[in-house]
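These notes concern the structure reproduced below.
The values are calculated or read from the model by the stated rules, or taken from the named source; none is laboratory data. Quantities reported herein were computed from a predicted structural model and do not represent experimental measurements. Here the Cβ positions follow ideal geometry from the backbone for every residue, glycine too, while neighbour counts run over all protein chains shown.
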Amino acid sequence: MDHFLNDNKVKIVGILFGLLIGIILSLFPFMKGLKIIFGCIGLIVIFYRPEVGLYLTAFTLPLISFRYVVLLFGWVVLSFIIKMIRDDDFKFKEIPIKYSIGLFAISLIFAGVTSITLRQSMLKLVVYIISFIFLVLAVNLIDSKEKFYYLVLAVVISATIVGLYGIYQYKTGVELKESWVDKELNPDIETRVISTFDNPNVLAEYLILTIPITFALLWNANSIFKKFIFLLAAAAQGLCILLTFSRGGWLGLFLSMLIFAIFVDRRLFLLYIAGGIGLIAISPKAIMTRISTIGNMKDSSTAYRFPLWRATIDMIRDYWINGVGLGLNAFKAVYPRYMRQGIVAVHSHNIFLQVFVETGIFGIVGFIVFIFNSMRLNLITFAKGIDIKMKRVSISIFASIAGILLHGLVDYIFFSDRIVLMLWILISIGVTGYILEFNKNLEQCNE
């Protein structure tokens, strides 16, 4: 019997799998049945190849509900643990910025457990923990440049779908909430696209993170066809961020693409100039009006930030040691006591002030150190690396982080859990690229 099973293992598995498919399709409607089948196949593949789960996490992040992304990632973590147990020779790889990670992580945990809204803060803490675990898994599973580029490609393909859907949304229309624009100064804006997100500013933050790395793949492409495909991908994302009418997003993207051009190819400036001239020539009045209101204190969305920032600074003075706690609920619970000019807000519209007021002095220091060292790794890869393609990807990540931090001066970029994880995915790509480029030679980055 054992001999028979061994000789016919593949046939038996095929028959059982066929029966399972038949049962599923007979019990459920066809499309739902297909989703279940493909979902089961995905879970099986992830079980044997956990790195595929990382690709799928990056790909699905902007496309499905975050709770399902968490469930998917939970299966990835479980598969990784089983793989780790089964592999007798497994050893965790050293992460070059482990002290920076530890400093920031400890401050987040402390802010979570001492929060004035404990339950909600612990939920936000889970998001950060997932993000840090993604970094750990990426370092230990992405062990070749082929796997590295699969992860990058998953990000770019997903972002292109987001961009295309945003363009489609602009054509079909989407509800323009009153809080999204000052209609007196911007009367021509009829809609601001949100694509698969809940807010145009959040969509802009996501695209700031993805457009530079798309340009890196465009520059890395070794055939006209691939260059054309990545050019279309970059164009879709670029047009989508334009249609968000997010001024902070535009400025953040401008900075990130400026950095990319300076380090990668200064001929890009000619492309930027041509694109700017074309935009002025063909863009609707709404875009030009929106650009002209950047820094305009008469714009309600600009004017209300200053009293909000002053109120947040007052909060920091009283909670500077450990902060009020992670998440928006902790901020909303305390903010009314410090409100100025009747400005109602759920966050401070500034990433640095928000991290400070949530986590205290140790949290803001940990955040700055963590981000600084993450960016520094990418600069080291670009300056001392040999692989030109890897160098371009690294500097694109540096540019993305710089761009979103600029946007973060006028918005709380961690408002969306998706953006938190997306930023950590990019950081993970940068750290993994550094390790692959320099192998295990990490002494350059000791802290």
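Worth a mention:
- Looking across the range 411-429, just one residue is among the polar types (S, T, N, Q) and not in a helix (DSSP H, G or I), and that is Ser416.
- Which listed residue is closer than 16 Å to Leu268 by Cα, surrounded by fewer than 20 Cβ atoms within 10 Å (Cβ to Cβ) and either small (Gly, Ala, Ser) or touching a residue at least 40 places away in the same chain (Cβ under 8 Å) (or both), from Leu217, Leu255: Leu255
- You will find that of Ile109, Ile82, the residue that is part of a helix (DSSP H, G or I) and surrounded by fewer than 14 Cβ atoms within 10 Å (Cβ to Cβ) is Ile82 and no other.
- Taking the range 100-118 as the range and being closer than 14 Å to Leu135 by Cβ and aromatic (Phe, Trp, Tyr) as the test, only Phe104 passes.
- Residue within the range 347-367 that is hydroxyl-bearing (Ser, Thr, Tyr), under 15 Å from the mean Cα position of the chain (by Cα) and assigned to a helix (DSSP H, G or I) present: no
- Criterion: under 22 Å from Arg418 (Cα atoms), at pLDDT 95 or above and of a type outside the set (A, V, I, L, M, F, W, C) - qualifying residue of Ser121, Ser131: Ser131
- Within the range 341-394, the set of residues being of a type in the set (Ser, Thr, Tyr) and under 30 Å from Lys227 (Cβ atoms) comprises Ser374, Thr381, Ser394.
- Matching residues in the range 224-273 - criterion: being closer than 23 Å to Phe382 by Cα and outside any helix (DSSP H, G or I): Val264, Asp265, Arg266, Arg267
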